[in-house]
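A.B. asks: Below you'll find the structure I mean.
Each reported figure results from applying straightforward, stated rules to the coordinates on display, with no laboratory input. Computed from a predicted structure; not experimentally measured. Glycine gets a Cβ as well: all are built from the backbone with ideal geometry, and neighbour counts include every protein chain shown.
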Amino acid sequence: MKVLFDLFRAFFTIGALTFGGGYAMLPMLEREIVTKRNWATSEELLNYFAIGQCTPGIIAVNTATFVGYKVKGVIGGTVATLGVVAPSMVIITLIAMVLENFMDIVWVQNAFAGIRVAVCALITVSVVKLFKSNVKQHWHIALAIIAFVVVALLKLSPVYVVVACAVLSFIFGKKVQKA
Amino acid sequence: MSELLTMCIEFFKTGLFAVGGGLATLPFLTQMQENYNWFTAEELGNMIAVGESTPGPIGVNMATYVGFSSFGILGGICATLSLVLPSLIVILVIAKAMNAYQNNPLVQNMFSFMRPAVAGLIAAAGFSVMKIALFRQADTFLASINWIALILYAILVVLMYLKPLKKLHPIVFIAIGAVAGILLKM
């Protein structure tokens, strides 16, 4: 029972403090799940993100379900998922009540401009950490750069990248293992 | 009541078919806006702005907002749960299978190819956030740089690498950003 409560609290925190959704969640996940509670490793988190890219649904929700399931089975997955969506539901309902005048307030706009910059800085630090732990060989660098170009510059869906990696692993997997 | 059910079905479909997260739900919402009169195109635009700058996954924010504005609090809860339900089911099935196949060399190989690529994908997502936060519309590259934002960004990154500050909760930096934004009139 305590584990379930802990799961809910951890993912409630993540849901409440993640601005921008999706990958912006990574710094928070790393801290709450990997560093503080040891529920998953950094590698597992990336695996979940990879699966999240090619399965339906919101990545934050997918990751919550995965981690929750790993910790406490089906109930754990359900509780973690509810935890991650609960803050949004409360906050957005409140905002929806006053939305008309909310985004017109100048200092609110200014605060959000500053928050977006902070989110950039947080993502930068996470990305650097990710590259250090997961991009070690020449072909890793090539894969990372190709993935970046395909999505950031060619504007293709990340689904193609993930599926292409799966196909490549079937073709070249044995060679890489030997090397 | 039957319209509430229709909305739940629409959000269930969105949750089932929006692959890739983030703004992947957007095309479905645009379609919903055209087919039903639950919200206007302008409201959808406002919602994206709020969704981008409030905590939580954007898809969830959108569902709560649309549900609430059309059917009240019950609508917000129903829409959000309908959106989340398909991925909950799909991921639970995959997680079960993954426990069984985790040590299979084929699966391990697959992940060793995916991890560096996902690192690149996340870098790309960071890049698109930076474009919005640190640059503005302008004719030349130099004119498009938002210097105040860029300097604040540099300071924050340096702070995050300083030993005593490294362990601070990310919310501290988000708060610093919010205060700086207000004081500097960004």
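A.B. asks: Using DSSP to call loops (not H, G, I, E or B), can you name the trypsin sites (Lys or Arg not before Pro) in segment B:110-186 whose Cβ has at most 15 other Cβ atoms within 10 angstrom?
C.D. replies: B:Arg136, B:Lys166, B:Lys167, B:Lys185
A.B. asks: Hey, got the average number of other protein chain Cβ atoms within 10 angstrom for residues in A:61-71?
C.D. replies: That average works out to 5.
A.B. asks: When only C-alpha pairs under 8 Å and at least 6 residues apart count, what is the relative contact order of chain A, in percent?
C.D. replies: 23
A.B. asks: Now for a different question. Among the trypsin sites (Lys or Arg not before Pro) in segment A:79-179, which ones are in a DSSP loop with at most 12 other Cβ atoms within 10 Å of the Cβ? Mind listing them?
C.D. replies: Of the trypsin sites (Lys or Arg not before Pro), the ones in loops of segment A:79-179 whose Cβ has at most 12 other Cβ atoms within 10 Å are A:Lys136, A:Lys155.
A.B. asks: Still on this structure, I have one more. What's the center-to-center distance, using Cα atoms, between segment B:31-98 and segment A:103-179 in Å?
C.D. replies: That distance is 25 Å.
A.B. asks: Under a straight-distance cross-link criterion of Cα-Cα below 22 Å, which lysines are reachable from A:Lys36, leaving out those fewer than 8 residues away in the same chain?
C.D. replies: The reachable lysines, counting only those whose Cα sits under 22 Å from A:Lys36, are A:Lys2, A:Lys70, A:Lys72, A:Lys129, A:Lys132, B:Lys163, B:Lys166, B:Lys167.
A.B. asks: Under the Kirkwood approximation for Rh and a Cα-based Rg, what ratio Rg/Rh is obtained for segment B:2-101?
C.D. replies: With Rg and the Kirkwood Rh in hand, the quotient comes to 1.01.
A.B. asks: On to the next question. Evaluate peptide A:163-169: per residue, the Cβ atoms of other protein chains within 10 Å of its Cβ; return the mean as an integer.
C.D. replies: If you average over the peptide's residues, the count of other-chain Cβ atoms is 5.
A.B. asks: When the convex hull of the Cα atoms of the protein assembly as shown is projected onto a plane and the area is averaged over all directions, what value comes out in nm²?
C.D. replies: The Cα convex hull of the protein assembly as shown, projected and averaged over all directions, gives 19.2 nm².
A.B. asks: Cα extents of segment A:2-100 along the three principal axes, largest first, in whole Å?
C.D. replies: 43, 31, 24
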